[in-house]
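The values are calculated or read from the model by the stated rules, or taken from the named source; none is laboratory data. Because the structure is predicted, anything quoted here is derived from the model rather than measured. Using ideal geometry, Cβ is built from the backbone for each residue, glycine included, and neighbour counts are taken over all protein chains shown.
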Amino acid sequence: MKKQKIICVVGPTASGKTALGIALAKHFDGEVISADSMQIYCDMHIASAAPDIAETQGIPHHMVEFLPYGSSFTVADYVKAARERIAEVASRGKMPIIVGGTGLYINSLVNNVEFTEQKTDYKLRTRITEEFDRVGGAEMLERLRKIDPMAAQKLHENDKRRIIRAFEIYESTGNTKSFNDEQSVKNQSPYAVCIIGITYRDREKLYDRINNRVDIMLQNGLLAEARSAFDKNLGGGAVQAIGHKEFFDCFRGEISLDEAVENLKRSTRRYAKRQLTWFNKDRRVNWIYKDETDDAESISIKIAEREEMYG
């Protein structure tokens with residue numbers, strides 16, 4: 001089977017992925033498919049840094065601002081939709097360019113992770129959550145270690161959501177999460193992937209960009225956007241994303257606006273650090289450091305032109 005070539009542009013927030021993706025799309029006659037878990041939502045245009053018409057420079061962008069704010073959207077939903085968009089773009093003779101910083105989205109897509117349909121048992125989840133709250137994360141992680149040591153090894157006792165999920169999978173299916181993960185990647189990926197990462201070698205320069213971007217977002221109306229989200233009082237979905245929730249305590253009168261802004265900057269810096277940790281584990285990523293070159297676009301194009309870079 002001949003694999004479909006795709007280019008992925010990854011990296012931390014505020015590193016310049018959008019501009020790089022557009023440059024690659026122009027050179028390779030491509031279209032951009034977003035892999036950003038915030039940009040999928042409407043009413044988050046400023047907080048998610050979704051590109052506007054001027055920024056896209058005529059390059060079609062898919063899977064951007066297409067879901068209502070409070071909607072749920074899983075990794076499985078993303079992979080299914082992204083596969084469909086890739087097929088559509090390729091059918092027009094265009095190069096699919098996947099651009100985003102949501103590592104789980106990209107990893108699941110390019111590694112051909114297969115997701116099994118499994119309805120959430122809310123009674124089971126509630127029971128496990130109550131047990132977690134009663135005995136604590138350390139005890140629950142120790143229990144998980146006895147039934148699924150591979151999963152437990154990757155988790156911290158404070159990772160409540162993933163510990164609970166591991167127990168949910170075991171109690172509802174009889175299989176461990178580790179077993180299910182192994183089964184999910186049995187089939188070979190249909191994609192030949194070139195992954196380009198963009199960041200800064202000097203982490204402080206990246207953090208400065210993040211801080212400056214938050215300031216620009218505030219000038220562009222981020223506070224009003226967050227207030228609108230707060231007033232809608234919707235649960236799930238985008239409400240949990242970085243960008244709006246940091247202001248909610250301010251709107252309740254519990255903290256000052258300055259504190260809320262600093263919380264947002266800190267949360268975004270921490271998120272960038274987690275993104276780098278994720279992508280640094282993938283040896284397929286070809287890193288470009290913006291503080292070491294003035295020509296990241298040309299370097300990226302040269303990388304993507306080489307056939308041996310597609311694996």
The one condition in (1) more than 21 Å from Trp278 (Cα to Cα); (2) assigned to a loop (DSSP other than H, G, I, E, B); (3) out of contact with any strand residue (DSSP E or B) (no Cβ under 7 Å at 6 or more places or on another chain) that Met38 fails to fulfil:
(1)
Residues in the range 245-277 that are closer than 14 Å to Asp215 by Cβ and in contact (Cβ under 8 Å) with a residue 40 or more places away in the chain total 5
Somewhere in the range 93-106, is a residue assigned by TED's automatic domain parsing to the domain that holds Gln275, over 25 Å from Phe279 (Cβ atoms) and loosely packed, with under 14 Cβ neighbours inside 10 Å?
yes
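Among the candidates Val89, Val99, which residue alone is touching a residue at least 60 places away in the same chain (Cβ under 8 Å), within 30 Å of Ala25 (Cα to Cα) and of a type outside the set (S, T, N, Q)? Explain how you work it out, then say what you get.
Numbers: Val89 fails: touching a residue at least 60 places away in the same chain (Cβ under 8 Å).
Only one candidate passes the filter, namely Val99.
Looking at the range 147-199, which of the residues that are of a type in the set (Lys, Arg) and outside any helix (DSSP H, G or I) is modelled with the lowest pLDDT? If you could, list the steps in order and put the result at the bottom.
Initially, the range 147-199 is screened for residues of a type in the set (Lys, Arg), giving 154, 160-162, 165, 177, 186.
Within this subset, residues satisfying the condition of being outside any helix (DSSP H, G or I) are 154, 186.
On the way: Lys154: 86, Lys186: 58.
Only one residue fits best here, namely Lys186.
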Pick from the range 19-34 the residues that are touching a residue at least 60 places away in the same chain (Cβ under 8 Å) and charged (D, E, K, R): which of them is surrounded by the fewest Cβ atoms within 10 Å (Cβ to Cβ)?
Asp29
Residue that is within 30 Å of Tyr310 (Cβ to Cβ), surrounded by fewer than 20 Cβ atoms within 10 Å (Cβ to Cβ) and either assigned by TED's automatic domain parsing to the domain that holds Met38 or not aromatic (Phe, Trp, Tyr) (or both), where the choices are Asp249, Asp282
Asp282
Qualifying residues in the range 213-225 (those that are out of contact with any Asp or Glu (no Cβ under 8 Å at 6 or more places or on another chain) and touching a residue at least 60 places away in the same chain (Cβ under 8 Å)) - the one farthest from Cys42 (Cα to Cα)
Arg213
Counted residues, the range 279-311 - those being closer than 22 Å to Asp208 by Cβ, of a type outside the set (S, T, N, Q) and not in a strand (DSSP E or B):
8
In the set Gln275, Gln240, the lone residue that is crowded, with 16+ Cβ neighbours inside 10 Å and either among the polar types (S, T, N, Q) or outside the structural domain of Ile196 (by TED's automatic domain parsing) (or both) is Gln275
